[in-house]
Structure formats: C-alpha cells, structure tokens
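Each remark here refers to the structure printed beneath this line.
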Amino acid sequence: LQLLHSRGTASLPGFENLTMGYNKYLRPYFGGEPVQIAMSLDIASISSISESDMDYIATISLRQYWTDPHLVFHGNESFTLDARLLELLWVPDTYIVVSKRSFLHDVTVGNRLLRLFSNSTVLYALRITTTVACNMDLSKYPMDTQTWLSWPQCSQPVLLRGYDESDVTFLWLRGNDSVQGLEGLQLSQYRLERYHTLVSRSSYPRLILQFELRRNVLYFILETYVPSTLLVMLSWVSFWITLDSVPARTCIGVTTVPSMTTLMIGSRSSLSKTSCFIKAIDVYLGVCFSFIFGAFVEYAVAHYTSSQKCAAKVPGPANELTEEMEEVNITNILNNSITSYKQKISFTSIEISSDNVNCSDLTMKSHEKIKCVLRNKMHRIIGYFTIQNPGNVDHYSKLLFPLFFMVINMFYWAYYLYF
C-alpha cells in the first residue's frame with residue numbers, strides 16, 4: 001500500500017488499521033439510516049451534438065462525497081490514496097441513465113482519485129467521456145423553440161444501480177453551483193441559455209442536470225436562407241424580359257429550379273433519414289421552391305396567351321368550340337334550314353360578336369330558354385377569366401410575386417421566432 005499525498009503534520013494512520021474488519025460489500029450505516037451521497041460535476045467539454053443520432057458527447061469530472069464511519073481517523077486533515085485501493089472499499093455504483101457508451105480516461109494512469117478525510121468523509125472522483133442520448137424536438141429547426149423548455153433540452157440523470165431510497169439518497173453538493181464549466185463552453189452551432197440541477201423523488205435515487213441550448217441561426221441564414229431567397233429573386237428577373245425571348249426566360253427557369261432542389265436536399269443531409277416530420281427550414285424552402293416554380297409557370301401562361309392572340313389576328317378559318325356556341329349567333333331560321341355565322345374566337349379571348357341571345361323570345365320552348373340562360377351565364381363567367389392583354393401577366397407578376405413573398409416571410413419569421 002502506497003501513500004501518494006498527505007496534508008497535515010501529525011503521523012499518518014495505517015491503512016491496514018482503517019480497513020481491519022471492514023466489509024466492502026455492506027454500505028455504510030448498513031441496517032440504519034441511508035447513506036447521503038453529495039455530487040458535483042466539472043464539465044470539460046460538450047461536443048458532437050448530433051441531430052441525426054439525437055445525442056451528444058460530454059467529458060466530465062464526476063466527484064462523489066459520502067461518510068463512512070469505519071474510516072474515521074485522528075490527526076491528519078486528509079490524505080490521498082492510490083486509486084487501486086478502491087477495490088478494498090465500498091463505493092456507490094453510480095451510472096448515467098441515458099448514456100449510450102462511456103469510458104474512463106486512463107492516460108497516463110486511470111483518472112481516478114480517492115481521498116479520505118479525518119471526519120470519515122470519502123471523496124471519489126473520476127474523469128469520464130460519455131455519449132448521452134438527448135431527445136430533441138426539431139419541428140422548429142433551425143430555430144428550435146419550445147415552451148419553457150425552449151431549444152433542444154438535454155438532461156443528464158445520474159442514478160444508483162442497486163439501491164433504493166431506503167439505502168442511499170442523492171443530493172447536489174451546492175445546488176446549481178455544483179456544476180462548473182458550462183459557462184465557459186464554446187460550441188460551434190449552439191449557445192448555452194441556462195441550466196439547473198434537479199433531484200428526482202422516486203423509488204431510486206436520481207440526480208438530473210438539465211441544460212438548455214439555443215441554436216445559432218446565423219449559420220443557417222448564411223448557408224440556406226440567403227441562397228434560397230436570392231434564387232427566388234433571380235426567378236423574378238424573367239418578368240422584365242420580353243415574351244418573345246424564349247431562350248433567356250427558359251434558361252432562368254431551368255437554372256433556378258434544379259438549384260433550389262439541391263438546396264432542399266442539402267438541408268436534410270445532416271439530419272436523420274427517418275425524420276418524417278416537417279421542420280421550419282423545410283417550410284421555408286418549400287415556399288421558395290413554389291415561388292420559383294410559379295415564376296416558371298407564369299412565363300408558360302404568358303407566352304401561350306401571347307401566341308394565341310397573335311394566331312387569332314391571322315386570317316383563316318374560324319375556330320370551332322362547340323355546337324352550342326355556334327348556335328349563339330343565329331341570324332335567321334328559314335323553314336328547316338339553319339345557317340350560322342361563325343365568329344372568330346381566340347382561346348384566350350372569348351368574345352361573342354352580338355349581344356347575349358334574347359332568352360325571352362316567345363317562340364322558344366321552355367327547355368331552349370333554360371339552355372339559353374345557362375349559355376349566357378357561362379359566357380359571362382368565362383369572360384372574367386380571359387386575358388385580353390398577355391403583357392399584363394408580366395406586369396402584375398412584377399408586383400404580386402414580391403408582395404406575397406414579403407408577406408409570407410413576415411408571418412414565417414414572426415411565428416417561428418416568437419411563438
């Protein structure tokens with residue numbers, strides 16, 4: 001047995017005398033009051049916060065204090081023992097409940113400390129790195145806000161494996177001050193908002209360290225939001241290009257649509273492939289894609305109506321819609337022969353040369369009057385949706401597309417940042 005470090009001036013007690021008759025398989029105060037274990041943490045680092053695996057890696061120094069009446073000695077204030085002597089003493093089998101995997105640091109030797117105090121207090125400290133599961137609500141990713149547990153909330157419960165409340169009780173050594181190192185942490189995509197310690201009142205003793213992280217949205221604004229917004233604005237350039245410049249306007253559409261698709265795929269590359277719920281960034285990218293696709297469709301509509309209007313000005317045989325519309329311009333009914341004057345009708349501008357047929361003609365039968373009334377109403381309805389001037393499509397699009405995009409952005413940012 002080797003003594004590593006001592007403080008005080010009196011002679012050191014023999015460790016053999018302290019452990020004489022000592023039973024490491026029985027907890028202190030066995031058969032009596034429960035053992036109180038006070039705990040404190042030093043957090044060296046938190047890294048590799050993964051949304052896909054929903055976990056993070058933490059390196060911590062865990063310190064546990066308890067009293068063991070069998071280890072009382074006089075004289076020295078405290079002395080430190082070789083950590084290998086732990087095999088001769090009772091120590092609590094503390095573990096992290098939601099840990100996926102952990103390991104004890106062993107460079108250059110196992111990073112464990114055992115210190116005995118003259119008042120029978122035992123300090124057991126160790127340095128570990130653990131991968132801790134952390135359930136995240138990513139519905140507002142990358143702005144991650146919730147109710148009072150705003151932002152990804154990761155708790156780190158510490159539990160005793162084989163004892164209940166009648167044998168062992170847990171408590172934090174100094175409340176929130178029992179946790180050190182969180183204030184100085186520097187994380188790549190997060191910042192620490194607040195943290196607090198909890199003591200769980202259940203059948204088994206449990207301590208909980210709960211800390212709240214808020215994602216730095218500036219990174220995602222520069223990486224995703226700004227490029228997608230610029231692509232939407234680029235699609236609006238086509239509204240200022242003339243309708244007959246087919247290659248120029250088509251090139252803008254076939255460039256912005258694939259670029260937007262690439263952004264949407266890239267935004268999900270760092271997340272779990274099984275994440276089926278819609279996130280805030282998916283909503284924004286979906287809106288941007290809709291505006292880009294809408295600008296592409298707008299040109300198709302404007303170009304088609306323009307070509308139809310030009311075709312209607314060229315002399316040639318009149319277009320035929322339906323037999324009922326041909327009968328609208330009835331000019332004469334002689335005996336059983338019907339001659340119809342077929343008016344030129346363009347697909348985009350449906351106009352009846354004469355006024356609506358007088359459906360109150362006494363010579364009409366009742367079913368003919370009903371058909372006449374319905375036909376007149378149909379013509380008026382179609383007239384509301386006809387495009388008289390194809391140039392107005394681009395003119396209105398210059399105003400409506402930016403206006404609607406700005407309104408949607410206002411609602412989007414207000415909802416995800418403040419609600």
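Just so it is clear, none of the values below were taken in a lab; they were calculated from the coordinates. Keep in mind the model is a prediction, meaning the values are calculated, not measured. Reconstructed Cβ throughout: ideal geometry from the backbone, glycine too, with neighbour counts over all protein chains shown.
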Estimated distance in nm for a label pair at THR250 and GLN308, the labels positioned 7 Å out from Cα along Cα-to-Cβ: 2.0 nm
Other-chain or far-sequence residues with amide H under 5 Å of ARG206's (modelled H): PHE170, SER200
Residue-by-residue Karplus 3J(HN,Hα) for the range 62-72, coefficients 6.51, -1.76, 1.60, Hz, glycine and proline x: 9, 10, 10, 10, 8, 10, 10, x, 6, 10, 7
At R0 = 51 Å, FRET efficiency that the Cβ-Cβ distance of TYR418 and HIS74 yields, to 0.05: 0.20
Protection proxy ranking of 128-140, 404-416 - average other beta-carbon atoms within 10 Å, highest first: 128-140, 404-416
Rounded to whole Hz, the Karplus (6.51, -1.76, 1.60) HN-Hα couplings of the range 24-39, x for glycine and proline: 6, 8, 10, 5, x, 6, 4, x, x, 5, x, 7, 8, 10, 8, 10
log10 of Debye I(q)/I(0), alpha-carbon scatterers only, for the range 174-272 at 0.14, 0.24 Å⁻¹: -0.74, -1.20
Per-residue HN-Hα couplings for the range 235-251 [Karplus 6.51, -1.76, 1.60; θ = phi - 60°; Hz; x = Gly/Pro]: 5, 6, 4, 5, 5, 9, 9, 4, 5, 7, 8, 4, x, 5, 6, 5, 4
Per-pair calculated FRET efficiency, R0 = 22 Å: SER120 and VAL199 via Cβ, rounded to 0.05: 0.40
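Using mean Cβ contacts within 10 Å as the protection proxy, how do 92-98, 230-236 order, highest first?
Numbers: 92-98: 16.6, 230-236: 18.4.
Top of the packing list down: 230-236, 92-98.
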